[in-house]
Amino acid sequence: MSQSFDVIVIGAGPGGYIAAIRAAQLGLKVACIDEWKNAEGQPAPGGTCTNVGCIPSKALLQSSEYFEHAALHFAEHGIALDNLEIDAARMVERKAAIVRQTNEGILFLFKKNKVAFFPGRGAFVKAAGGAYEISVDGTETLTAPNIIIATGSRPRALPGAPFDEEYILSNEGALNMQEVPETLGIIGSGVIGLELGSVWRRLGAQVDILEGLPVFLGAADEQIAKEAKKAFEKQELNIVLGAKVGSVEVQDGAVRVAYEDAAGEAHSLVVDKLIVSIGRVPNTEGLNADAVGLALGERGDIVVDAECRTNLPGVWAIGDVVRGPMLAHKAEEEGVAVAERIAGRHAHVDLALIPSVIYTSPEIAWVGKTEQQLKAENIPYRAGTFPFMANGRARAMGDTTGLVKILAHEKTDEILGVHIIGAMAGELIAEACTAMAFRASSEDIALICHAHPSLSESLREAALAVDGRALNF
Ligand code: FAD
Ligand code: NAI
């Protein structure tokens, strides 16, 4: 016998679990199905983000940053350390404990909000009488008139070089190395390449990144990308742009990558481990989409409109499995909005105001348009920048790399884009998001009192600089 619900959510990543909780808060009877299991075979809700993404990567970034600080900067504070060592296995175990804690937190939230959780694979069986039948692992059947698909994404492999997670690693293997490799190759200088490359470089690995495109961080503001490249090169993170990767072979305990550089010259990179981080593909394979005629796009993504409606009445899709940036907070926003719409309420997600953060050191964060986009769109603007070198808190912290850049409309002064590279950029960007959501002008930020000494003063100074009147630079 099947159990019936108002809403069934397939996938308990940040999109799915948040959608389930919000729908339950709105008084709907909700089931959430997720197939992720941890190493012990236990259900592990939270998706990519919790298990092998945002949370574990930030845990390792924190550990490795402490290590690097201890190695390079403690002495200047008068702190002496002898025999500094890294126990990578222990660091990875700390990360695993944080992941488990987060899995348990989500299970607790499901209970608290009366979301019925079903571990297993959810797949369409059929549509019948205005509702859909969904099987869980083929053993149980649930029905509901509203289905939210939040099945996320998985790493894309290089053709001919499948992940073995021992030598050729996806994000999963890259977050689980028990020892620091002497040499680490990375294909793709996107977000994962830079974050995980930073982790293992800080711990002592020689890291070489092969990037296919001729430009570095093409999605970021050019000025910020240039600063970032300079900072990463100083850290000896070796980034080769315009690399054309050929064969990848595992031989005698090493990985051999054949590639051509931008000038067409052939090279061979031999490394202990290789991380392949060349983007992700939507997860739709297990859904049995054909059974109900769910429309998929060319990338295997689920085709949705601006409100996350699929081609089927009552079936919605959110997060990495649909268009838009593959970010946890974007998935959450869509999850909340869809739950609200199912409950008959109005909701809006502005994809133009989704912030991006790269948690390297320095951090890189932005929201809104880049300078090159404004030029391409012929939008008249004024730019104001402020370097952290001129910020008292940054100097006290000993972390003065980077700058804040504000782009505002030349006539109306509305803030169109904010770009930050430097310490805590991922936290500072929240002020920019708030300001832009309220359609603030740069003058609005310039008129707000910011605490001293704080990194956030740099945002105010950049806003003052838009009008050519920064006070401390
Ligand atoms: P997912 O988190 O992928 O969750 C989907 C869930 O659905 C999974 O649990 C999966 O097992 C389950 N599932 C799939 N098919 C089925 C099925 N048929 N039945 C049942 N269950 C199914 N984003 C950020 O915003 N900030 C970061 O710092 C960040 N860091 C990242 C670091 C790494 C290394 C990686 C890989 C990603 C990172 N991301 C980050 C991206 C972020 O993880 C994703 O954007 C986010 O997890 C997408 O959420 P989602 O709910 O759409 O899908
Ligand atoms: P990405 O899209 O950020 O970067 C992939 C890079 O690989 C690009 O620079 C691309 O040009 C390059 N590339 C593609 N094919 C190549 C090839 N054959 N040879 C060489 N280079 C090639 O993807 P990534 O790093 O895999 O991350 C996946 C997703 O996860 C991202 O979309 C991102 O949104 C999300 N993520 C977010 C984080 C954050 O918000 N801090 C952290 C990590 C991941």
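Looking only at residues in the stretch 154-200 that are without any contact (Cβ under 8 Å) to a residue 40 or more places away in the chain and away from ligand 2 (no atom under 12 Å from the Cβ), which one is nearest to GLY246 (Cα to Cα)? Step by step, filter the stretch 154-200, then rank; the result is PRO162. Filtering the stretch 323-341 to residues that are buried (at least 24 other Cβ atoms within 10 Å of the Cβ) and either β-branched (Val, Ile, Thr) or without any contact (Cβ under 8 Å) to a residue 60 or more places away in the chain (or both) leaves GLU333, VAL338. Put simply, of ASP290, ASP252, ASP305, ASP261 the only residue that is over 24 Å from TYR359 (Cβ atoms) and within 16 Å of ligand 1 (Cβ to nearest atom) is ASP290.
Across the stretch 282-303, the number of residues qualifying as on the phi < 0 side of the Ramachandran plot and touching a residue at least 60 places away in the same chain (Cβ under 8 Å) comes to 10. Each residue in the stretch 390-412 was checked for being farther than 19 Å from LEU374 by Cα and not in a helix (DSSP H, G or I), and 7 of them qualify. Residue count for the stretch 87-114 satisfying the condition of being under 18 Å from PRO181 (Cβ atoms), in contact (Cβ under 8 Å) with a residue 40 or more places away in the chain and among the charged types (D, E, K, R): 1. When the stretch 225-245 is filtered for residues that are of a type in the set (Gly, Ala, Ser), without any contact (Cβ under 8 Å) to a residue 40 or more places away in the chain and part of a helix (DSSP H, G or I), only ALA225 remains.
Of the residues making up the stretch 221-243, not a single one is under 22 Å from PHE163 (Cα atoms), charged (D, E, K, R) and either more than 20 Å from the chain's Cα centre (by Cα) or at pLDDT 95 or above (or both). Picking from ALA19, ALA12, ALA24, which residue would you name as being more than 15 Å from ligand 1 (Cβ to nearest atom), crowded, with 20+ Cβ neighbours inside 10 Å and not in a strand (DSSP E or B)? Answer to the check: ALA24. When the stretch 56-114 is limited to residues that are over 24 Å from the mean Cα position of the chain (by Cα), over 19 Å from TRP200 (Cβ atoms) and among the small types (Gly, Ala, Ser), the one that is nearest to ligand 1 (Cβ to nearest atom) turns out to be ALA75. Every residue in the stretch 214-238 that is touching a helix residue (DSSP H, G or I) at 6+ places or on another chain (Cβ under 8 Å) and surrounded by fewer than 20 Cβ atoms within 10 Å (Cβ to Cβ), please. Scanning the stretch 214-238 gives VAL215, PHE216, GLY218, GLU222, GLN223, GLN235, GLU236. If you go through the stretch 270-288 and keep only what is under 27 Å from VAL215 (Cβ atoms), buried (at least 21 other Cβ atoms within 10 Å of the Cβ) and in contact with a Gly (Cβ under 6 Å, 6 or more places away or on another chain), you end up with VAL271, LEU274, SER277, PRO282. Going by the structure shown, is VAL215 within 11 Å of ligand 2 (Cβ to nearest atom), of a type outside the set (Gly, Ala, Ser) and assigned to a loop (DSSP other than H, G, I, E, B)? So VAL215 fits the description; yes.
The values are calculated or read from the model by the stated rules, or taken from the named source; none is laboratory data. Values in this document were obtained by computation on a predicted structure and should not be read as measured data. Glycine gets a Cβ as well: all are built from the backbone with ideal geometry, and neighbour counts include every protein chain shown.
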